[in-house]
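*Asks:* Input: one structure, supplied below.
The values are calculated or read from the model by the stated rules, or taken from the named source; none is laboratory data. As the structure is a prediction and not an experimental result, all values here were calculated from the model. Neighbour counts are summed over all protein chains in view; Cβ atoms, including those assigned to glycine, are modelled from backbone coordinates with ideal geometry. Each accessible area value is taken on the protein alone, full model and side chains, heavy atoms only, with ligands, DNA and RNA left out. Shrake-Rupley method; radii C 1.70, N 1.55, O 1.52, S 1.80 Å.
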Amino acid sequence: MKSSLILRWMAAAGFITYGCWIAKDAESPITKIFSLLIVIMGACFIIPEAVRFFSYPVTRFFSGLAFPQDRNPKPILSYKLARYYGEQARFAESIEEYKKIIKHYPKEQEAYLEMLTLAMESGDMPSYKKYAKTFKRRFNCDLSLTYEAPDPNDEFPGFKNGRPRRKRIL
């Protein structure tokens, strides 16, 4: 592509130079018209790049007004709403927000891990299993999350005989 671009610009320079050279010594109207046509033909070789160069600022401005969604094809990465819903124990809404993050940012590990934790806490095992498999496949790592619901009567939740309680989920 670059070689064709260079050849077009060289041809354009040659045509424009030759047309101007003929026009400077032209006395008859036919010669003047011929030299003008040669200059126009040379200009046609560079029109695509010249039009693109000069029209870009104008078209960018108007396309931004007419089509503002073209600027940000995906939403800005933000965990605020998903975490807020999680803190308010609105687990279904929080999981949906994490799913939106994962949809637009599929390489975001933190979104997967937080959503998997919420799915476990809320008991949404179908979502947990689906996204755990996706996480394992996408990041090529073993997901060995452990979780055990705390006993409300336990003085030290999460510990038994001085050791942490663990239950392997997957």
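*Asks:* Got a number for residues in segment 110-130 being within 10 Å of ILE95 (Cα to Cα) and open to solvent by 70 Å² or more (accessible area, probe 1.4 Å)?
*Replies:* Counting residues in segment 110-130 that are within 10 Å of ILE95 (Cα to Cα) and open to solvent by 70 Å² or more (accessible area, probe 1.4 Å) gives 0.
*Asks:* May I pose another question? Within segment 1-41, track down each residue that is assigned to a loop (DSSP other than H, G, I, E, B) and open to solvent by 80 Å² or more (accessible area, probe 1.4 Å).
*Replies:* Correct list: MET1, ASP25, GLU27.
*Asks:* List every residue pair whose Cβ atoms sit under 6 Å apart, with the two residues 6 or more apart in sequence or on different chains, where the first one lies in segment 4-27 and is without any contact (Cβ under 8 Å) to a residue 12 or more places away in the chain and the second, anywhere, is outside any loop (DSSP other than H, G, I, E, B) and among the polar types (S, T, N, Q).
*Replies:* Short answer, once both residue conditions are applied: ALA26/SER35.
*Asks:* For the condition over 24 Å from GLU87 (Cβ atoms) and at pLDDT 80 or above, what is the one hit in LYS103, LYS160, LYS107?
*Replies:* LYS107
*Asks:* If you go through segment 54-90 one residue at a time, how many are assigned to a helix (DSSP H, G or I), at pLDDT 80 or above and open to solvent by 60 Å² or more (accessible area, probe 1.4 Å)?
*Replies:* So the answer is 5.
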